[in-house]
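Peer 1: I'd like to ask some things about the structure below.
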Amino acid sequence: MSISRMMKLSLVSADSGADDIIQKLTWLRCAHITRTDADYENPDISADAENRRLIYERDAAALNTALMGLRNYREDKTGLFGRPIKATRADLDVESERYGKAVGYSADYAALRAREAEITAERTRLRQQIESLKPWENFGVPLDSRGTALTELTLGVLPPSADIDVISAEIAAETDSEFALIPVSEEPGGVYVSVITMKDSSLAVTDELTRRGFAKLEFSSLLADIETPDGGSNLPSLIADRAKAALDALDGEENSLSHKFKEIAVHCREMELAYDAAMTRAAECASEKLVLKTEKTTVVAAWVPYLAVPVVKSALDSDPAVWYTLSDPSEDDNVPVKLLNQPAVKPFESVVGLYSLPAYGSFDPTFIMSIFFFVIFGFMLGDVLYGLLLTVGCLIMLKLLNISAGVKNLVKLFAICGVSSIICGVLFGSYFGDLPQQLMKNMFGADIGGTHLWFDMVNDPILFLIVSMAIGVIHIMTGMGIKIYMSAKEGRLLDGILDVVPWYVFFVGLGLLGASSAFGISSAPGKAVAIAGAALLILTQGRGEKNPIMKVLKGVMSLYDTVSYISDLLSYSRIMALGLASAVIAQVVNLFGTMGGNTVVGWLMFLLIIPLGHVVNLVINLLGTFVHDSRLQYIEFFGKFYEDGGTPFVPAAPVTKYTEITE
């Protein structure tokens, strides 16, 4: 309900142990460290902090890679359903032997993954070898043979349609050479042949073969890749056998790698601790870059919430080498903003944060905004069963899932707003839309009538629109009222009253005029109040001008703002639009789900269409409701008073992805 008062901490340590000071502030978890005002900077010390940060981030990256890769090998529960490890400061010590071992496990994992990649590449190479040797399985000559002293051996492939006898006869006639064209095998890709020629006629014969589609094959690269055992032969069948044996060996090694991964996975908890330790230390090194550090002293500037001052004093007073002051901020300081709200309201801070935090010293709208957000959410998504699914689902997520603080706040927000949907659903008689009515009518032939306690939004949209506009009037006028409060807080109460109250009078007059038209009563009171409000606006809105004519002119021009207010009010028709959208889609789903009647096919359609259709409807309209509800807060409500631009308060703290600090 308020913005925390901040104290400026200026600290000087009599030695150069910046890392000790930063670690102390980090584990206090209540100091927002900023850059000091001094211009002096020791580049060597700053570079040392940056180098250490990079080392720890490298360790964290290696640990994270190992943890992600070992998820399928772990026997303990991890991931979203894993519970954080209870840890103390000592558990996150990067100087401990346990940390070194954990980083070593990540290195072992990386080495195994590298070997796994090598095995994959080697397996691909061996399979390619076997495939390339398949046409030569029955060839009884070593592939490294080139012929004899008088003959030359050439291996190659002819087109699939080649006739060996015809080609042999043609080449013999054209070259008058002695040669042998011997078929080895026929494959879909061609006819594989060996060619034996006399050395002096080899070129002529191969030229003629080439003209007939012959492609010479070279096995030099394949032979270079294989290791021939002493006394072994390079017969194609033997090379293929050795490749198959090597594949079997690789399969065995890969199986052993799987066992080694499981052995490393046993140490995942230690690696999770080490990851948080490395990230925490990296964050501390990043904070060190903000401090002023010389060879003899360390100067730190930070912001501390007023309520945390006793904790900070207790920690720093115990260090005789530290001198510090705590002071209120000056006007020129960029003070970070920490919002103070009760647990039930705190989730709504995420809505404020998505827009912009309020400026330091201004007004925290979270509590008041949470009331309107809660009410509007229910009107936009008013269904008992949708709200029940939303609330129960979010509570289950909070219980079972290990999620970050930011996501957890959003889940809590939806859990709370689900209650609003339930309440409004009871008022509107919406239970998966009109499912009870459709079910009884189409399945059992009974008419149970409406189940609403207030009104049926689908059958009475005009009343729904009026209610939406009424919410808008209250919302806008509340925002204007906050402006009076903020003006009073700044010592300008009269200005706040004169800026807002004339508009209140004018709006009341317009409301009375609308009521007189709707209910057929006298319009005289409405006209009188509206005219009085307009007169007050003309007299007060130009009071800042010195020229009397400009005072009146600016006052008259202020009446044009009525268009802006009406535009803002019309924006609240989206409450009706969103509410009707979810209700009408629900009705369509119910119609399709029950149109089969009380038959086997009908019940199958019901069981298939109803759950799927309503889940889709809930997801789609949940997103729309959140966006449009937030939009009404940001534009129509905040626009009346809000001072944005606050810098988030981000205290130096341990980075805990896998752990929960217990001290």
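Peer 1: Quick one: which residues, 5+ away or cross-chain, put their amide H under 5 Å from the amide H of LEU217? H built at 1.01 Å from N.
Peer 2: Placed amide hydrogens put LEU155, GLY156, VAL157 under 5 Å from LEU217.
Peer 1: On a full-extension model of 0.36 nm per residue, what is the gain between ILE635 and SER96, subtracting their alpha-carbon distance, rounded to one decimal in nm?
Peer 2: Length gained, ILE635 through SER96: 188.7 nm.
Peer 1: Compute the signed sum of charges (Lys and Arg +1, Asp and Glu -1) over the other residues within less than 14 Å, Cβ to Cβ, of THR124.
Peer 2: My count for the surroundings of THR124 gives -4.
Peer 1: Can you sort VAL584, VAL352 by solvent-accessible area, 1.4 Å probe, largest first?
Peer 2: Correct descending sequence by accessible area is VAL584, VAL352.
Peer 1: Now for a separate question. Measure up LYS346/LYS489; LYS24/LYS640; LYS289/LYS483 against 31 Å on the Cα-Cα distance and list the ones that go over.
Peer 2: Going by Cα-Cα distance, LYS24/LYS640; LYS289/LYS483 fall outside the 31 Å limit.
Peer 1: When mean projected area of the Cα convex hull in nm² is calculated directly from the model, which label among [x] 76.3; [y] 54.1; [z] 71.5 fits?
Peer 2: [y]
Peer 1: Consider a paramagnetic label point 7 Å from the Cα of SER233 along Cα→Cβ; state which residues of region 193-207 have an amide N under 20 Å from it.
Peer 2: 193-196
Peer 1: Reachable aspartates and glutamates from LYS546, Cα under 18 Å, same-chain residues fewer than 8 places away excluded?
Peer 2: Output for LYS546: ASP495, ASP499.
Peer 1: For LYS134, give me every one of the lysines with a C-alpha distance below 24 angstrom, ignoring sequence neighbours fewer than eight places off in its own chain.
Peer 2: Cross-link targets: LYS216, LYS244.
Peer 1: At 222 nm, what helix-only mean residue ellipticity would the chain give, in deg cm²/dmol to the nearest 500, using -39500 (n - 2.57) for each DSSP H run of four or more?
Peer 2: -19500 deg cm²/dmol
Peer 1: Name the residues whose placed amide hydrogens come within less than 5 Å of the amide hydrogen of TYR360, ignoring near sequence neighbours (fewer than 5 apart) on the same chain.
Peer 2: The list, which skips near neighbours in sequence, is THR647.
Peer 1: Further question on the same structure: Report the paramagnetic label zone for ARG29: residues of region 264-302 whose backbone N is under 18 Å from a point 7 Å from Cα along the Cα-to-Cβ axis.
Peer 2: Counting only backbone N, you get 273-284.
Peer 1: Computing the accessible area with a 1.4 Å probe over protein heavy atoms, can you report the carbon and sulfur percentage for region 242-317?
Peer 2: The computed percentage sits at 57.
Peer 1: Can you give me the accessible area per residue for the chain, using a 1.4 Å probe, in Å²?
Peer 2: 51
Peer 1: Show the residues, 5+ positions off or on another chain, whose built amide H is closer than 5 Å to the amide H of GLY382.
Peer 2: Under 5 Å from the amide H of GLY382: no residue qualifies.
Peer 1: Let me ask another. Working only with C-alpha atoms, what are the Rg and Dmax values of region 528-656, expressed in angstrom?
Peer 2: So, for region 528-656, Rg and Dmax equal 26.1, 84 Å respectively.
Peer 1: Dipole of region 142-188 (Lys/Arg Cβ +1, Asp/Glu Cβ -1, origin at the Cα centre): which of THR148, PRO188, THR175 lies farthest to the positive side?
Peer 2: Final value for the positive-end residue is THR148.
Peer 1: Given an 8 Å cut-off on Cα distances and at least 6 residues of separation, report the relative contact order of the chain as a percent.
Peer 2: The value is 24 percent.
Peer 1: When the label point is put 7 Å from the Cα of ASN51 along its Cα-to-beta-carbon vector, which residues of region 282-296 have a backbone N closer than 19 Å?
Peer 2: Within reach of a label on ASN51, which here means backbone N under 19 Å from a point 7 Å along Cα→Cβ, region 282-296 contributes 282-291, 293-296.
Peer 1: While we're here: Contour minus end-to-end for PHE455 and LYS346, with contour as 0.36 nm per residue of separation and end-to-end as the Cα-Cα distance?
Peer 2: Here the segment from PHE455 to LYS346 would lengthen by 36.0 nm.
Peer 1: Let's test this: bin the Cα-Cα distances of region 131-243 at 5 Å from zero up to the farthest pair and state each bin's percent.
Peer 2: 2, 11, 23, 22, 19, 13, 7, 3, 1
Peer 1: Placing +1 at every Lys and Arg Cβ and -1 at every Asp and Glu Cβ, with all other atoms neutral, what dipole size does the chain have around its Cα centre, in debye to the nearest 20?
Peer 2: Rounded to the nearest 20 debye, it is 3820 debye.
Peer 1: Carbon and sulfur: what percent of region 523-613's accessible surface (1.4 Å probe)?
Peer 2: 78
Peer 1: Determine ³J(HN,Hα), in whole Hz, for all residues of region 390-396 in sequence, where each value follows from phi through the Karplus function 6.51 cos²θ - 1.76 cosθ + 1.60 and θ = phi - 60°; x replaces Gly and Pro.
Peer 2: Result, rounded to whole Hz: 5, 5, 5, x, 5, 5, 5.
Peer 1: Would you please put 116-129, 412-425 in order of how densely packed they are, using the mean number of other Cβ atoms within 10 angstrom per residue and starting with the highest?
Peer 2: Output ranking for 116-129, 412-425: 412-425, 116-129.
Peer 1: Turning to a different aspect of this structure: Would you mind counting up the charge near GLU545? Only other residues with Cβ under 11 Å from its Cβ, with Lys and Arg at +1 and Asp and Glu at -1.
Peer 2: So the surrounding residues net to +4.
Peer 1: Could you work out the local net charge near ARG631, counting Lys and Arg as +1, Asp and Glu as -1, over the other residues with Cβ closer than 14 Å to its Cβ?
Peer 2: Local charge sum for ARG631: -2.
Peer 1: In addition: Among MET486, SER96, LEU70, whose Cα sits farthest toward the positive end of the charge dipole of the chain (+1 at Cβ of Lys/Arg, -1 at Cβ of Asp/Glu, about the Cα centre)?
Peer 2: Checking the options against the dipole of the chain, the answer is MET486.
Peer 1: While we're looking at this one, here's another question. Percent of accessible area on region 180-223 owned by carbon and sulfur, 1.4 Å probe?
Peer 2: Ligands and nucleic acids excluded, carbon and sulfur give 56 percent.
Peer 1: Moving on to the next point. In whole Hz and in residue order, list the ³J(HN,Hα) couplings for region 359-371 that follow from phi through the Karplus curve 6.51 cos²θ - 1.76 cosθ + 1.60, θ = phi - 60°; x for Gly and Pro.
Peer 2: Rounded to whole hertz, the list is 5, 4, x, 8, 10, 8, x, 4, 5, 5, 4, 4, 5.
Peer 1: Starting from the Cα of LYS260, step 7 Å along the direction of its Cβ; do the same at THR65; then give the gap between the two resulting points in nm.
Peer 2: Rounded to a tenth, the inter-label distance reads 1.6 nm.
Peer 1: Quick one: Cα centre-to-centre distance for region 169-201 and region 376-435, in angstrom?
Peer 2: Each part reduced to its Cα centre gives a spacing of 82 Å.
The values are calculated or read from the model by the stated rules, or taken from the named source; none is laboratory data. Keep in mind it's a predicted model, so treat the numbers as computed, not measured. Glycine gets a Cβ as well: all are built from the backbone with ideal geometry, and neighbour counts include every protein chain shown. Heavy atoms of the whole protein, side chains included, go into the accessibility calculation; ligands, DNA and RNA do not. Shrake-Rupley method; radii C 1.70, N 1.55, O 1.52, S 1.80 Å.
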